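To start, the structure itself, in structure tokens.
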């Protein structure tokens, strides 16, 4: 593992150092190594509060980072940070993207086409069957199903997606070496063979109740949209839906009986504007996921060109019209149109309205790195995670 990774892990072990504070430290001191090795006076000069400073100093005194990194390596855990080229592109876009991710298994470019599926732990017969059918169809369509490995809807979604030949990602409220619930150990093995187990908690972290709500931001952040299959009014699945909305992602809800407490949360989401979900095709159409195999093939076969790089640099999260892109790039409309069509097949851009396009991922990925010098984006960290 790279030398800098130990410093990222060191800060991850320190309580009170979240995305905002870590970003401020790096900006003030110049690098993750400089931040970790800074004197107490230098740390105080960054206006870090006393509790956070003491936490960093304690970790420095008590932890041998070489030993910590050796333990992580023995567990077969991979560490990804904001600076890693393969940090998940969708997650990098959210304001509070975790500085460090621990991964068991493998995350691949195919996981950019991901949908979260969450719901109650106490699923009814109706909820279980709906979750199974939806996850199977999404898995067969090439969509990676993301969930939280919990009992009920989560476990059903993971299992069905994998059995359909698809991929799945489990986001844990514990270290990736701490499978919870324990009866999902075999399922966890299947997920690691066909996807990944992910957490922003260090290995060894126990599955404590307070860990689960914050991890839901990662479930939604890794996904283009979040599906809520069955949820009561106080279900944790609604926390995931709220995170998805805050992150600008789509939310889908499966309607249920107005007499069933298990569907009360879904019905409220629908009342408040969530997409009605009655079949997997509803998700595929809204998220433009109907041609994933073709996009995967195009991404492998078709090379990037300077024209693509220029158009990608002129795109953003806000939709841009074809004519506007033509004016900004100085290229004819017909050239822009045909290039965007190819970029959409590659999964580089998405059409979100009539001749309106947005980036499908943020700068700093492999596409940007090979962009023949036409992009003005740096290959460093993604946008600042929150204020």
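Compared with the direct C-alpha span, the chain from residue 33 to residue 151 gains 38.4 nm at full extension, assuming 0.36 nm per residue. Note on residue 271 and residue 351: the extension gain reaches 26.1 nm, defined as 0.36 nm multiplied by sequence separation minus the Cα-Cα distance. So which residue, out of 98, 182, 88, gets the largest mean-square fluctuation from a GNM of the chain using Cα contacts under 10 Å as springs? Among 98, 182, 88, the largest mean-square fluctuation in the Gaussian network model of the chain belongs to 182. Given the chain, what percent of its DSSP beta bridges are antiparallel, to the nearest 5? Roughly 40 percent of the DSSP beta bridges within the chain come out antiparallel. With neighbours defined as other Cβ atoms within 10 Å of a residue's Cβ, the residues 320, 15 order from fewest to most as 15, 320.
Each of 219, 17, 153 was scored by other Cβ atoms within 10 Å of its Cβ. Arranged with the fewest first, they read 17, 219, 153. Footprinting exposure proxy ranking of 282, 111, 200, 323, fewest other C-beta atoms within 10 angstrom first, gives 323, 282, 111, 200.
Remark: spin-label model distance residue 246-residue 64 equals 4.0 nm, labels positioned 7 Å along the Cα→Cβ axis.
Once C-alpha pairs closer than 8 Å and six or more residues apart are averaged by separation and normalised to the residue number of the range 105-286, the relative contact order reads 22 percent. Would you please classify the overall shape of the range 29-81 from the alpha carbon gyration tensor, given that a ≥ b ≥ c denote the square roots of the eigenvalues, rounded means a/c under 1.5, and beyond that prolate means a/b larger than b/c while oblate covers the rest? Since a/c reaches 1.5 and a/b is larger than b/c, the shape of the range 29-81 is classed as prolate. With contributions of -39500 (n - 2.57) from each DSSP H run of at least four residues, the per-residue ellipticity at 222 nm computed over the chain stands at -13000 deg cm²/dmol.
May I ask for the distance between the Cα centers of the range 1-76 and the range 334-350, given as a whole number of Å? Going from one Cα centre to the other spans 42 Å. Beta bridges from DSSP with both residues in the range 105-286: antiparallel share about 5 percent, rounded to the nearest 5. Remark: relative contact order (the range 1-51) = 34 percent; criterion is Cα-Cα distance under 8 angstrom and separation of 6 or more residues. Each residue, residue 321 and residue 44, gets one label point 7 Å from its Cα in the Cβ direction; the gap between the two is 5.8 nm. Explain nothing, just the number: relative contact order of the chain, from Cα pairs under 8 Å at least 6 residues apart, as a whole percent. The value is 15 percent.
Once a ≥ b ≥ c are taken as the square roots of the eigenvalues of the Cα gyration tensor of the chain, is the result rounded (a/c under 1.5), prolate (a/b larger than b/c) or oblate (a/b not larger than b/c)? It comes out oblate by the Cα gyration axes.
Remark: the Cα gyration tensor places the range 1-141 in the prolate category, a/c being 1.5 or greater and a/b exceeding b/c.
Computed extension gain for residue 183 through residue 73, at 0.36 nm per residue and net of the alpha carbon distance, reaches 37.1 nm.
Taken together, the values in this text are just the output of simple stated rules run on the coordinates, not laboratory data. Quantities reported herein were computed from a predicted structural model and do not represent experimental measurements. Don't worry about glycine lacking a Cβ; one is built from the backbone with ideal geometry, like all the others, and counts go over all protein chains shown.
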